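Enquirer: One structure follows; several queries about it will come next.
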Amino acid sequence: MLEILLVVLIIGIMTAVGTNIINSQSFERVILSQAQQFSSDLKFICEKAVLENQAFGIELHVSGYQVLRYQRPNWVLIEQQNQLQDNDGVSIDLLLEGLSQKIQSETDIEAEHLPHIICQSDGSFNAFELRFSAVDELIDSPDMTTYYALKTQSPWQLNGAWYEP
């Protein structure tokens, strides 16, 4: 009877440890999850632009983004800061036409809002590349520079893939 209890105890401990290992989030999973969430949000905003026959924009910030609507002659904030999921430990870099853009750390309520990514009323969006990478403290090897990039393949198509520069 004691042997059976010991076996059950060992199986229980192994199950608990195995569950923790399986459920642990590696930085690759966190990055991929955040990129997929942003991609689906962007597609939703572009569909909204088509339905309302009006241009929408996304203004990126370090901790998230804001949704803007174009009302001549300005961009008007329609949705306050949306947090990017699991943003801790993930760095975001934006490239427009191959040039790196500065993403502000805080939103200034008084500042004029200008979008980084624009969804036109036909569902197309401007060319951009958004790179998601782990912050240096999370990476085991300092030489590791792998990142996940969301890139425009065409004005209507978004492509995501892992890159090692």
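Enquirer: Can we say LEU42 is more than 30 Å from ILE103 (Cα to Cα) and among the hydrophobic types (A, V, I, L, M, F, W, C)?
Expert: For LEU42, the condition - more than 30 Å from ILE103 (Cα to Cα) and among the hydrophobic types (A, V, I, L, M, F, W, C) - is not met.
Enquirer: Moving on. Those residues that are assigned to a strand (DSSP E or B) and at pLDDT 80 or above, I need them from segment 69-89; list them, please.
Expert: ARG69, TYR70, GLN71, ASN74, TRP75, VAL76, LEU77, ILE78
Enquirer: Any residue in segment 23-39 that is farther than 20 Å from SER91 by Cα, surrounded by fewer than 18 Cβ atoms within 10 Å (Cβ to Cβ), polar (S, T, N, Q) and more than 23 Å from the chain's Cα centre (by Cα)?
Expert: no
Enquirer: Next question. Quick one: how many residues across segment 102-125 are on the phi < 0 side of the Ramachandran plot and modelled with pLDDT of 70 or more?
Expert: The total comes to 16.
Enquirer: For segment 126-163, which positions are modelled with pLDDT under 85, among the small types (Gly, Ala, Ser) and not in a strand (DSSP E or B)?
Expert: SER141
The values are calculated or read from the model by the stated rules, or taken from the named source; none is laboratory data. Values in this document were obtained by computation on a predicted structure and should not be read as measured data. Cβ coordinates were reconstructed from backbone atoms using ideal geometry, including for glycine residues, and neighbour counts include every protein chain displayed.
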